[in-house]
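None of the figures in this text is laboratory data; all of them are computed from the coordinates on show. Owing to the predicted nature of the structure, the values given are computational and were not obtained by experimental measurement. All Cβ positions, even for glycine, are placed from backbone atoms using ideal geometry, and neighbour counts span all protein chains on display.
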Amino acid sequence: MFDRKLSQERLLVGIGGNMGSGKSTVASELKRYGAKIIDADEMGWSMLAKGTDEYHKLVKAFGRGILTKAGNIDRRSLGKLAFAGKASLAKLNAIVHPALLEKVRAEIDRNRKGLVVVDAALLFAWGLDREVDVAILVTAADRLKIKRLVDAGMKEEDVVARLKLQPPDSKIWRRADFVLENKGSFAELRRKCRALWNFFYSAKFQAFKAAREQ
């Protein structure tokens with residue numbers, strides 16, 4: 001049924017979703033099948049290394065209280081200040097996002113073959129959904145997002161505060177080619193990821209691609 005060959009030299013897939021949705025888990029599953037992953041979150045944190053332009057701008061904007069004793073940016077401290085309100089989050093985004101988006105686009109340009117997945121929480125906010133071949137929104141109920149993040153070590157009040165500052169899925173889903181609901185078990189999510197991968201390599205993808213381009 002599936003020929004295991006892409007219908008084009010490179011298939012660029014974007015995966016977005018709010019924190020706790022499981023978007024990175026979906027990306028990791030596709031990586032198991034051979035996809036190249038461009039992790040925007042990981043790239044963003046690497047830009048905050050001691051001595052970078054973004055490092056100095058953030059220290060100036062948020063104060064030296066975001067630093068560890070060794071002088072590195074402490075993610076928790078920065079996150080607590082940055083997600084305290086819309087103004088502080090906008091300040092963080094203005095410092096980090098322009099350069100990060102440039103790096104993500106450069107990495108996309110470097111990967112010209114095969115299945116390439118952009119794992120980016122802000123895929124839709126950045127407008128990258130219009131630059132990829134397939135845009136996927138991973139979604140889950142807020143209670144599930146909160147539970148997952150609390151289980152990962154975050155404080156519930158911090159999670160709730162951050163989710164309030166992120167656009168609700170209802171404002172995004174119409175822009176997605178696929179909405180993947182992550183509301184069940186990990187085994188169920190893995191089956192959905194397998195189905196996605198199969199679809200990308202199937203003859204049915206040609207019909208989807210033609211419809212998307214109309």
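Structure values in brief
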quantity	calculated
Mean separation of Cα contacts under 8 Å, 6 or more apart, over the residue count of the chain: relative contact order %	39
Electrostatic dipole magnitude of the range 38-95 [Cβ: Lys, Arg +1; Asp, Glu -1; Cα centre; debye, to 20]	400
Filter on Lys145/Lys192; Lys171/Lys204; Lys23/Lys171 - keep pairs with C-alpha separation over 20 Å	Lys171/Lys204
Theoretical ellipticity at 222 nm over the chain - DSSP helices of four or more residues, -39500 (n - 2.57) apiece, nearest 500	-14500 deg cm²/dmol
Rounded Å value of the spacing that divides the Cα centres of the range 75-107 and the range 137-214	22
Highest to lowest packing among 142-150, 118-126, 82-90, scored as the average C-beta count within 10 Å	118-126, 142-150, 82-90
Set Lys57/Lys86; Lys57/Lys91; Lys36/Lys57; Lys91/Lys164; Lys5/Lys31 screened for pairs whose C-alpha atoms are more than 20 Å apart	Lys36/Lys57
Contact order relative to length of the range 82-208, as percent, for alpha carbon pairs under 8 angstrom and 6 or more apart	28
In the range 1-71, GluC sites (Glu not before Pro) in a DSSP loop with at most 13 other beta-carbon atoms within 10 Å	Glu9
